[in-house]
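Report on the structure given below.
The values are calculated or read from the model by the stated rules, or taken from the named source; none is laboratory data. The shown structure was predicted, so the numbers you read here are calculated from the model rather than taken from an experiment. Side chains are part of the model used for accessible areas, which takes the heavy atoms of the whole protein and leaves out ligands, DNA and RNA. Shrake-Rupley method; radii C 1.70, N 1.55, O 1.52, S 1.80 Å.
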Amino acid sequence: MYKQFSLPYSYDALEPHIDAVTMETHYSKHHTGYTNNLNEAVKKLGEEKDIVELLSSLDKIEDEKLRKTIRNNGGGFYNHNIYFDTLSPDGGGEPEGELAEAIKQSFGSFEEMKEKLNELSIGQFGSGWGWLSANKEGKLKLSSTPNQDNPLMENDGYVPIFGIDVWEHAYYLKYKNLRGDYVKNIYNVVNWKRVAELYEEVKRG
Ligand code: MN3
């Protein structure tokens, strides 16, 4: 059984940047839905792999319909685990330590990284995600993906450590069509300490 990330903060904890109704719907309806659908779908596979392994080897699923269901719901399960895990009412500020160094090396500065990530996230046509990913060598990459796809599916060794959900369900109740305002405000609640831990985990392999 794949287990949905347990929220360590209340639905209203990220107010005013992310409103309580959006959080509740997002977590208890959307994310729970992806998780349940994934668990249903893997029963048909007959084996349960680690989620990273599963999403990195989707082409091994022969049944096309099942492969699509697992791509969408496995992605939805995994992506939201990262999303909710890397937000916090105590978030904001800037990354520190090795992650900060790596950001500086890769993008020049934290501000420049944010600018590029925002551009990718805001520019993602339709539903999708903006991503900061890392590989075993500690290199960083920014990208965006459609739907519930994620960088694991590109099979280039990069693992997401932070993602901005730009599906309308993530912001529309509060921000309406102003995706850019949501993307800019999310930095008030990003838990960079947790992102740095995920960075270390990717490097450890
Ligand atoms: Mn979402």
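What does the helix-only formula give at 222 nm for the chain: each DSSP H stretch with n ≥ 4 adding -39500 (n - 2.57), the total divided by the residues, and the result rounded to the nearest 500 deg cm²/dmol?
Numbers: 9 runs with 98 residues, N = 205.
Value at 222 nm, helices only: -14500 deg cm²/dmol.
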Worksheet entry | Alpha-carbon centroid distance for the pair region 166-180 / region 88-102, whole angstrom | 25
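If each residue of separation counts as 0.36 nm, what is the full-extension length gain between residue 57 and residue 200 once their alpha-carbon separation is subtracted?
Numbers: separation 143, 0.36 × 143 = 51.48 nm, distance 2.33 nm.
So the chain would gain 49.1 nm between residue 57 and residue 200.
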Worksheet, complete the sentence: With all protein chains in place and a 1.4 Å probe, residue 98 shows an accessible area in Å² (nearest 10) of 100
Item to complete: Just reorder 149, 12 by solvent-accessible area, largest first, 1.4 Å probe, all chains present.
Response: 12, 149
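Filter the cross-link list 43/203; 104/203; 139/193 down to pairs whose alpha-carbon distance in this structure exceeds 25 Å. Please list the in-between numbers first.
Numbers: 43/203 32 Å; 104/203 17 Å; 139/193 18 Å.
Long pairs (Cα-Cα over 25 Å): 43/203.
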Fill in: Shape category assigned to the chain from the gyration tensor of Cα positions, a/c cut at 1.5
oblate
Discussion item. Rounded to the nearest percent, how much of the accessible area of the chain (1.4 Å probe, protein heavy atoms only) is carbon and sulfur?
Written reply: 47
